[in-house]
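In what follows, a single structure is set out as structure tokens and then discussed.
A short reminder: the numbers here are calculations on the coordinates, not readings from a lab. Keep in mind it's a predicted model, so treat the numbers as computed, not measured. No Cβ is skipped: glycine too gets one built from the backbone with ideal geometry, and neighbour counts run over all protein chains shown.
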Amino acid sequence: MRWWLEKDEEWDFSKIISYIKDFDTVHVGCDSKYYSSATRFAIAIAVYRNPCVTYWYTKHKDPHMTREIPHRLWTEVEKAMEVARMIREKLPNIKIEVHCDINSDEQFPSSKLNQSAMGYVTGCGFAYKNKPHAWCATGCADTHTR
């Protein structure tokens, strides 16, 4: 995966690990946007030091992804979990929050995945954040799906 700090500043994963190792918590989130030709996914790794957020992102297109929201949202969870596991492998003692673009409000269709996503994330030993608290997915990653 190629990671970017800004539009023109590429970082390799080991450099990101070196930067984030001294933070208490690392946040990982994924978002996607469906286009007729492909679905664009963006994954973000973020650290927060009041009042600033520093984050890196990677993105790719999947021309075979279905438009169906439940399938796309679950793929977002899986992609965020893959990166969270990569971080944990390098930094086993750091707290990792996985931010999911899933609403806790039952009036939204994505809420149907909330319990499953929470069980998956927490069952793997990560902290779970959903909307409206999933800023790494709905803010950092979302910016790069457009």
Practice prompt. Say whether the condition of being in contact with a Lys or Arg (Cβ under 8 Å, 6 or more places away or on another chain), on the phi < 0 side of the Ramachandran plot and surrounded by fewer than 20 Cβ atoms within 10 Å (Cβ to Cβ) is met by at least one residue in segment 41-54.
Written response: no
Item to complete: Name every residue in segment 100-129 that is in contact with a strand residue (DSSP E or B) (Cβ under 7 Å, 6 or more places away or on another chain) and closer than 17 Å to H71 by Cα, in order of residue number.
Response: C100, D101, I102, N103, S110, S111, L113, N114, A117, M118, V121
Discussion item. I'd like the full set of residues that are in a loop (DSSP other than H, G, I, E, B) and basic (K, R), limited to segment 52-71.
Written reply: R67
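Run down S32, S110 and say which single residue is touching a residue at least 40 places away in the same chain (Cβ under 8 Å), of a type in the set (S, T, N, Q) and assigned to a strand (DSSP E or B). Give the derivation first.
Values: S110 fails: assigned to a strand (DSSP E or B).
That would be S32, the only listed residue that is touching a residue at least 40 places away in the same chain (Cβ under 8 Å), of a type in the set (S, T, N, Q) and assigned to a strand (DSSP E or B).
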Response to the item:
Exception for G139 within (1) buried (at least 20 other Cβ atoms within 10 Å of the Cβ); (2) within 12 Å of the chain's Cα centre (by Cα); (3) small (G, A, S) falls at (1)
Item to complete: Please work out if R67 is among the basic types (K, R) and either within 19 Å of R2 (Cβ to Cβ) or in contact with a His (Cβ under 9 Å, 6 or more places away or on another chain) (or both).
Response: no
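I'd like to know if segment 41-58 contains one or more residues that are of a type in the set (D, E, K, R), closer than 16 Å to R146 by Cα and over 9 Å from the mean Cα position of the chain (by Cα).
To start, the set of residues in segment 41-58 that are of a type in the set (D, E, K, R) comprises 49.
From what's left, closer than 16 Å to R146 by Cα: none.
There is no residue in segment 41-58 that is of a type in the set (D, E, K, R), closer than 16 Å to R146 by Cα and over 9 Å from the mean Cα position of the chain (by Cα).
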Worksheet item: Could you count how many residues in segment 55-78 are over 18 Å from N130 (Cβ atoms) and buried (at least 18 other Cβ atoms within 10 Å of the Cβ)?
Response: 5
